[in-house]
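Student: This is the structure I have questions about; it appears just below.
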Amino acid sequence: MFKKIFCLFSLFLIIIPTTAFAEVDHHQATSQETLSSTEKKVEELSPQKQEIIAEINQELNKKLQNKKRSIVGNDVENALVDLAFDFAFKRENPIFSLIASIGGSSNTSEIDSWFNLLKNKKSRTLTVYDEITKKNIKLAGTYIDNNSDETVIVHNGYRAPSNAVYAQAKLFSDLGYNILLPDTRSHNRSEGSYITFGYYEKQDLNKWIDQEVSLKPHQEIILFGASMGAATTMLSQETPHKNVKAYIEDSGYYSLEQQLKDTLHLLTQYFDYIPLLDEMDWNNEENRLIHILNERQVKPVLGFDLYQVSPLNSVAKSTLPKLFIHGDADWFIPPISLELLYKNAGKGYKDYLLVQGAEHVGAYNVQPVIYKNKITSFLKNVENMRPEPAKIRDLESGAKVISGEALKNAAYTIVVKEKSGQVLQEYHGNVSNTGVFTISVEPLPVGASVIVTIENNGLQSKPTKVIIEDKTPPAPPVVNKIYDTTKSITGQAEPHAKISVKNSAGVIIARGVTDSKGHFSISISNLKASQELFITATDISVNESSATKIIVEKSSPEETNTEQNFWSWIWSVINSLFGF
């Protein structure tokens, strides 16, 4: 232990300007000797790697610039922990940018052209609350609308550009799905200062799902995630969202503790080229480093315990169908992750694909045909294995019972929504062993919808939806007496109903509509005594009443004379006015 502290102390005798330690000549001399040998090793590296080492030295120097003579082993250790925190979690980190640049960039011009030429894409935004900064942040996404009732949300990876998953987006788009490409918080167009490896991102993903469902009710969702996006996907569905039918993860990690170790290896590999730090066995120290990182930075700054973030636990609890994909040459998240995740996913349908020679999120590039075929067959199996939709028995307004038939012993969810879409009632239960379900409900209003889904072995049926209609016919019209001299038929029926006057052959000979109070007056002529008329009312739900039968009566001589005298009077008035 003393040797370790001495080595760390000697390191920072070199990092901090030697003028501040003129009195420690012996340590300074030792540092100079070590520096000479280390410099020789550094000179053998590429200019890019030398730049990375210089940046690490500079960042450490900044974190210790106020320590001066008081530097001890703990100060060095804390500085390294702070450096690791910035490297892993902060959005902007110059050291990570330099390391990432060594790998170069793949040729994405063809897939970028596909994306740029799309005519059916549009931007989307989502505002979420950031627990870390206590402020709202705006997330950005792109939506590709293929007029499907199923949407695939394609979630990007750790510090990756938006186009890193365009190839997978195109794959799903070519299969006919709508595509939502959200930029993860603190990535690309989205706001945010910290990356949390799926902890807060899982909440964002569920809110993207909610937004899609609010815009397209009953939309079915498939999730695809790459790298950190894969972990986010698995974490988000520990308790499955009711609209998600399956998910696919490509190169996801199984625990944040292990993922931080793998991520920090990108940094600690350069410690061999920093004076005296190369004497430390960082593989043996990484557990303690992660513990200090959790206590010193993750808990107080980010607000969670990194040891509690575990996709391995999430897949064990989720009943959704899952497809696990990995490359056997993945150097960033080793393929043991696939083995552990697949083995631990004990509930529901699952499948996996391990691609030989594929590096991190490289399975599609190495074996595009096998990759596509596996995804296609997985989704087809999910569809074929789904239980049949429920059959709902006839419902009408005012009904107090919902019943029907479905798969024996399967779980059901029944949701009653009003016409506006607001949920009125929700019920859960199991179909009987005879394949029947029956529940008592509050009276169903006109225009409400009843939606029934069936779940079995983690697979959900397509929803069965019934709109509650008004099937009750109105009362028969009340009709005033009709004579062979009548010129209009009058009476009363349901307000705003259509009134039909039919002859004995069922032919409509006159029509009208009731007013807001239910009154009607329909012009008619050429009626004959003893003629049978049948008058019905049809409401706005197209329910027709039974007919009111009326027999045309013969007018009495007095009534006839009165009518004749009336028309004679009208004629005399016209004659006197106009001289006919």
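Student: Using a basic spin-label model with each label point 7 Å from the Cα along Cα→Cβ, how many nm lie between SER97 and LYS517?
Tutor: Here the answer is 7.9 nm between the modelled labels.
Student: For LYS90 and LYS347, FRET efficiency with R0 = 35 Å and r from the beta-carbon atoms, rounded to 0.05?
Tutor: 0.45
Student: Can you list the lysines whose alpha carbon is less than 30 Å from that of LYS134, not counting same-chain residues fewer than 8 positions off?
Tutor: Candidates past the 8-residue exclusion: LYS62, LYS63, LYS90, LYS122, LYS202, LYS207, LYS242, LYS261, LYS299.
Student: Sum up the lysine pairs in segment 391-467 that clear both bars: alpha-carbon distance under 23 Å and a spacing of 8 or more or different chains.
Tutor: Lysine pair count for segment 391-467: 15.
Student: I need the phi-derived Karplus couplings for segment 145-153: 6.51 cos²θ - 1.76 cosθ + 1.60, θ = phi - 60°, integer Hz, Gly and Pro marked x.
Tutor: 9, 10, 6, 9, 8, 10, 10, 9, 9
Student: Now for a different question. Between 0 and 90 degrees, rounded to the nearest ten: what's the tilt of helix 201-215 against the longest Cα principal axis of the chain?
Tutor: So the inclination is approximately 20 degrees.
Student: Here's something else I'd like to know. If you fit an axis through the alpha-carbon atoms of helix 73-89 and take the longest principal axis of the Cα set of the chain, what angle between them do you get, 0 to 90°, nearest 10?
Tutor: Between helix and principal axis, roughly 30 degrees.
Student: A further question on this structure: If you build the convex hull over the alpha carbons only and average its shadow over all orientations, what do you get for segment 478-557? Give it in nm² to one decimal.
Tutor: Computing the convex hull of the Cα atoms and averaging its projections yields 5.0 nm².
Student: Please list the radius of gyration and Dmax for the chain, considering alpha-carbon atoms only, with Å as the unit.
Tutor: 38.5, 142
Student: Tell me the angle of helix 47-63 to the major Cα principal axis of the chain, expressed in degrees between 0 and 90 and rounded to the nearest ten.
Tutor: 90 degrees
Student: Within 10 Å of each residue's Cβ, count the other Cβ atoms and sort VAL450, VAL154, VAL423 from fewest upward.
Tutor: VAL423, VAL450, VAL154
Student: Mind checking which aspartates and glutamates have their C-alpha under 17 Å from LYS554, skipping anything on the same chain fewer than 8 residues away?
Tutor: List returned: ASP484, GLU532, GLU563.
Student: Could you list MET228, MET385, MET234 so that the one with the fewest beta carbons within 10 Å of its beta carbon is first and the one with the most is last?
Tutor: MET385, MET228, MET234
Student: Follow-up. Relative to the present Cα-Cα distance, how much length would full extension add between GLU469 and SER403 at 0.36 nm per residue of separation?
Tutor: The span from GLU469 to SER403 would gain 22.1 nm if fully extended.
Student: Grab the beta carbon distance between ASP272 and ARG296, set R0 = 25 Å, and tell me the FRET efficiency rounded to 0.05.
Tutor: 0.50
Student: On full extension of the chain, what length is gained from TYR427 through HIS496, given 0.36 nm per residue of separation minus the C-alpha to C-alpha distance?
Tutor: Extra length from TYR427 to HIS496 when fully extended: 21.2 nm.
Student: Given 0.36 nm per residue, what is the gain on full extension from THR434 to GLN50 after removing their alpha carbon distance, in nm?
Tutor: 130.9 nm
Student: Counting other beta carbons within 10 Å of each residue's own, what order do VAL361, VAL452, VAL552 fall into, fewest first?
Tutor: Fewest to most other Cβ atoms nearby, the residues stand as VAL552, VAL452, VAL361.
The numbers here are math on the coordinates, done by the rules we state, and not lab data. It should be emphasised that the depicted structure is a prediction, and the values quoted were computed from it without experimental measurement. Because the Cβ atoms are built from the backbone with ideal geometry, glycine has one as well, and the counts that use them run over all protein chains shown.
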